[in-house]
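Everything on this sheet refers to the single structure shown next.
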Amino acid sequence: MTIEIRKHGRVGAEVLGIDLARPIPDEDFALVRSAFAEHGVVFFRDQSITEPQHIAFARRWGAININRFFAAHPDYPEIALVVKEPDQQHNIGGGWHTDHSYDLEPALGSILAARELPPEGGATAFASMYAAYDGLPEPLRARIEGRRAVHSARHIFGSKAVAYEALQDTRSDGRIGNSSAADVLDDPVHPVVITHPLSGKRAIYVNPSFTLHILGLAEEESRDLLQEIYAHCQKPEFQEDFHWRDGSIAFWDNRATWHYAYNDYHGHRREMHRITIEGVALG
Ligand code: SIN
């Protein structure tokens, strides 16, 4: 098979001519790696992989982060379950975010495999933080250059989580848990603009879910600046939806993209398997 990399609209690229159920030759892996670094998210169609094959593909990229807050697959703790049942109202990931920015060494990325899909809806939106950085108006770019921001998981996953009023059922039905682990996490500080560790490109690295405030600014000033950055990053020109089909897999880079899961398929089941790969400190 010959690998082909095809751009996916404004964000990401589809990798064709690859079978993730088989060991990937080094030269093909290098092509996927370079597409991943360049585009921020890569998509694979018509794959048929078992859970151990999903894990093997993830291990090719680095150590697996065992999720502390999501329910795990009963047989494979490496796989976090992202599920919404027909009678549940709220989904997981239903707001713009980048996974694990609340860690000192934020995760490299996540590999999400579709296992059961609703008949319609349930897409995932991606926004390119490379494109958002490149598209910054000069005055805003100057205001954020060199700044650093505090991130946290406690207000989302902790025992005093404010956001959970809107996500009550993900916690009460056991899809999300372990709040005591979130309560004791240290809140890391990351640059507002990072130099991406793989591509060397500049990317915006704050997100509406996990970033608390920008260091050195008064609370209101920090909130206003974050809102301005978020409004910019959410512009349609930096976004693209990914519509899942049976056999689809998405592998996104948490340092180069935001994502959110549409919650538009009430009354139907959606089950995704997510494996997250450890990353490095960001500079
Ligand atoms: C996530 O935010 O990790 C889940 C995305 C999705 O379910 O589409």
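Things to note:
- Top-ranked residue in segment 103-115 [being open to solvent by 10 Å² or more (accessible area, probe 1.4 Å) and away from the ligand (no atom under 12 Å from the Cβ); ranked as modelled with the highest pLDDT]: L108
- Across segment 43-57, a minimum of one residue is classified as surrounded by fewer than 16 Cβ atoms within 10 Å (Cβ to Cβ) and touching a Phe, Trp or Tyr at 6+ places or on another chain (Cβ under 8 Å).
- Residue in segment 209-226 that is away from the ligand (no atom under 13 Å from the Cβ), in contact (Cβ under 8 Å) with a residue 12 or more places away in the chain and surrounded by fewer than 14 Cβ atoms within 10 Å (Cβ to Cβ) present: yes
- Just so you know, in segment 243-283 the residues that are of a type in the set (G, A, S) and part of a loop (DSSP other than H, G, I, E, B) include one that is nearest to the ligand (Cβ to nearest atom), and it is S248.
- Criterion (on the phi < 0 side of the Ramachandran plot and open to solvent by 10 Å² or more (accessible area, probe 1.4 Å)) met by exactly one of A161, A123, A127: A161
- Residues in segment 18-51 that are of a type in the set (G, A, S) and over 24 Å from Y76 (Cβ atoms): A30, S34, A35, A37, G40.
- A count restricted to segment 78-101 and to residues that are under 15 Å from the mean Cα position of the chain (by Cα) and more than 14 Å from the ligand (Cβ to nearest atom) stands at 0.
- Residue list for segment 27-50, filter: over 20 Å from the mean Cα position of the chain (by Cα) and either on the phi < 0 side of the Ramachandran plot or aliphatic (A, V, I, L, M) (or both): E27, D28, F29, A30, L31, Q47, S48, I49, T50
The values are calculated or read from the model by the stated rules, or taken from the named source; none is laboratory data. From a predicted model like this one, the values you see are computed outputs, not experimental measurements. Note that each Cβ is placed from the backbone with ideal geometry, even for glycine, and that neighbours are counted across all protein chains shown. Accessible surface is based on the protein model in full, side chains and every heavy atom, while ligands, DNA and RNA are left aside. Shrake-Rupley method; radii C 1.70, N 1.55, O 1.52, S 1.80 Å.
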